[in-house]
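First up is the structure itself, then whatever we jot down about it.
The values are calculated or read from the model by the stated rules, or taken from the named source; none is laboratory data. Computed from a predicted structure; not experimentally measured. Glycine gets a Cβ as well: all are built from the backbone with ideal geometry, and neighbour counts include every protein chain shown.
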Amino acid sequence: MRIENIVSLILRINVIVSIIIMIIGYLTGSNLLWIGTLLLIITPLLRTFSALIIFLYEKEILFFFSALYVLIIFIISALMI
């Protein structure tokens, strides 16, 4: 299985699990709604981290540093909240 397919599968699973958790949280009125939302928010971060690993594996240095820059911006933005 190719690396891109694995990353795609991980992202799909993440979205499906977060939606299921959000639905359960909505129906029960519990804090699971927030956990599902948090998982959904983490999805772009997970994708950027996956791209970073793929670019490093494929020795695409320019794209690796581009993904690293985006990941750093994500982290800085999260710390500023």
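Condition check: under 23 Å from ILE75 (Cα atoms) and loosely packed, with under 11 Cβ neighbours inside 10 Å. Does LEU27 satisfy that? For LEU27, the condition - under 23 Å from ILE75 (Cα atoms) and loosely packed, with under 11 Cβ neighbours inside 10 Å - is not met.
Number of residues in segment 30-56 that are more than 23 Å from SER77 (Cβ to Cβ), of a type in the set (S, T, N, Q) and part of a helix (DSSP H, G or I): the value is 0. Among residues that are surrounded by 14 or more Cβ atoms within 10 Å (Cβ to Cβ) and modelled with pLDDT of 90 or more, LEU71 is included.
Conditions tested, residue by residue: (1) at pLDDT 90 or above; (2) surrounded by fewer than 17 Cβ atoms within 10 Å (Cβ to Cβ); (3) under 9 Å from the mean Cα position of the chain (by Cα).
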{"residue": "SER8", "(1), (2), (3)": "no, yes, no"}
{"residue": "ARG12", "(1), (2), (3)": "yes, yes, no"}
{"residue": "MET22", "(1), (2), (3)": "yes, no, no"}
{"residue": "LEU32", "(1), (2), (3)": "no, no, no"}
{"residue": "PRO44", "(1), (2), (3)": "no, yes, yes"}
{"residue": "SER50", "(1), (2), (3)": "no, no, yes"}
{"residue": "TYR57", "(1), (2), (3)": "no, yes, no"}
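When you go through (1) of a type in the set (A, V, I, L, M); (2) within 20 Å of VAL7 (Cβ to Cβ); (3) free of Cβ contacts under 8 Å to residues at least 24 places away in the same chain; (4) buried (at least 16 other Cβ atoms within 10 Å of the Cβ) one by one for LEU39, which number turns out not to apply? Of everything listed in (1) of a type in the set (A, V, I, L, M); (2) within 20 Å of VAL7 (Cβ to Cβ); (3) free of Cβ contacts under 8 Å to residues at least 24 places away in the same chain; (4) buried (at least 16 other Cβ atoms within 10 Å of the Cβ), LEU39 misses just condition (3). Among the residues of segment 59-80 satisfying the criterion of being within 16 Å of the chain's Cα centre (by Cα) and hydroxyl-bearing (Ser, Thr, Tyr), which is nearest to ILE3 (Cα to Cα)? Taking the candidates together, the pick is TYR69.
Taking the criterion of being of a type outside the set (Gly, Ala, Ser), out of contact with any helix residue (DSSP H, G or I) (no Cβ under 8 Å at 6 or more places or on another chain) and assigned to a helix (DSSP H, G or I), the residues of segment 62-81 that qualify are LEU62, PHE65, TYR69, ILE72, ILE73, ILE75, ILE76, LEU79, MET80.
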